[in-house]
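Since the structure comes first, as structure tokens, the remarks are kept for the end.
The values are calculated or read from the model by the stated rules, or taken from the named source; none is laboratory data. In this text, all values refer to a predicted model and were calculated from it rather than measured experimentally. When we count neighbours, we look across all protein chains shown, and the Cβ atoms used for this are built from the backbone with ideal geometry, even at glycine. For the accessible areas, the whole protein counts, side chains as well, though only heavy atoms, and no ligand, DNA or RNA atoms are used. Shrake-Rupley method; radii C 1.70, N 1.55, O 1.52, S 1.80 Å.
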Amino acid sequence: MNILAIETATEGCATGLRTSDGREIIKLVDENRQHTEELTLGIQALLSEAGLKASDIKRVVVDHGPGLFTGLRVGIATAIALAQGVGAELVGVSSLELLAHGAHDAGVRGTLMCAVDGRRGEVFVQTFTLSDGVVAKDEPRVEVPRTVVIGWATMAVPVTFTGDGVERYLSDFSAVPGAVIHREKVPSIHAALTLGSERTPSATITPLYLREADAVSNFTTRERAK
């Protein structure tokens, strides 16, 4: 099965393709929040490199957040439109779990806290345990970076931090005693392709905004054709 993955939850815009014959192509399309202009061109270039047409895609995987509002809107709208247009299945994955699985693939083990930059002086965070697999220890939530840092410093337990939220407030997170920083700004496209291939397709994709101001925006998630 040919699977396309779309990542637009952070400043980095990335795409990936896993073909039915086992090839995997991953491209970082943009790093400067030009998702609207670059995503469609990036998908076209990816398909061209693989020698495929849009109609050859059988499943579309998209990061549904949490993340930056505009990026999520562009990525989800593009994924839904493409899936509808070619009759492909649709699967949603979260930015925080993609960071966790990316860290696991890189050899990180133990307690991992993933943080996506939410702007407005906030981060979207979730904690995982990484051993033979990846297990979420809590639910995604919105936090102030300094509050997160103080909490981990008070607990004084070994922890690894990752994500573009960590990169933005690197001096704060690096100050936690015993903490390790795993540099991973863009959620893993390889993980998106893997998780997306394993999960049951959805009729709808609902953005995980976490903040009411984002959730009540005039962007309406559309239902893909059945």
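One table, with the values for the structure above:
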quantity	calculated
Distance (nanometres) between label positions extended 7 Å along Cα→Cβ at Leu52 and Asp138	3.8 nm
Cα-based Kirkwood hydrodynamic radius, segment 1-101, one decimal, Å	13.2 Å
Span-rule helices in the chain, defined as complete DSSP H runs reaching 20 Å or more along the axis (Cα) with Kyte mean at least -1.0	35-50, 69-86
Directionally averaged shadow of segment 87-215, computed from the convex hull of its alpha-carbon atoms, nm²	8.4 nm²
Tensor-based shape of the chain (alpha-carbon gyration tensor, a/c under 1.5 rounded, otherwise prolate or oblate)	prolate
Cα-projected label distance for Glu198 with Val157, points at 7 Å along beta-carbon direction, nm	2.4 nm
Helical mean residue ellipticity (222 nm; -39500 (n - 2.57) per DSSP H run of 4+; nearest 500) of the chain	-10500 deg cm²/dmol
Antiparallel %, DSSP beta bridges [both residues in segment 1-114], to 5	55 percent
Net dipole in debye of segment 92-215 [+1 Lys, Arg Cβ; -1 Asp, Glu Cβ; about Cα centre; nearest 20]	160 debye
Mean Cα-pair separation over length for the chain, i.e. relative contact order, pairs under 8 Å, 6 or more apart, %	22 percent
Dimensionless Rg/Rh of segment 52-115 - Kirkwood Rh, Rg from C-alpha atoms	1.09
Accessible area of the chain divided out per residue, in Å², using a probe of 1.4 angstrom	44 Å²
Dipole magnitude (debye, nearest 20) for the chain, charges at Cβ of Lys, Arg, Asp, Glu	300 debye
With every protein chain in place, the chain: carbon and sulfur % of accessible area (1.4 Å)	50 percent
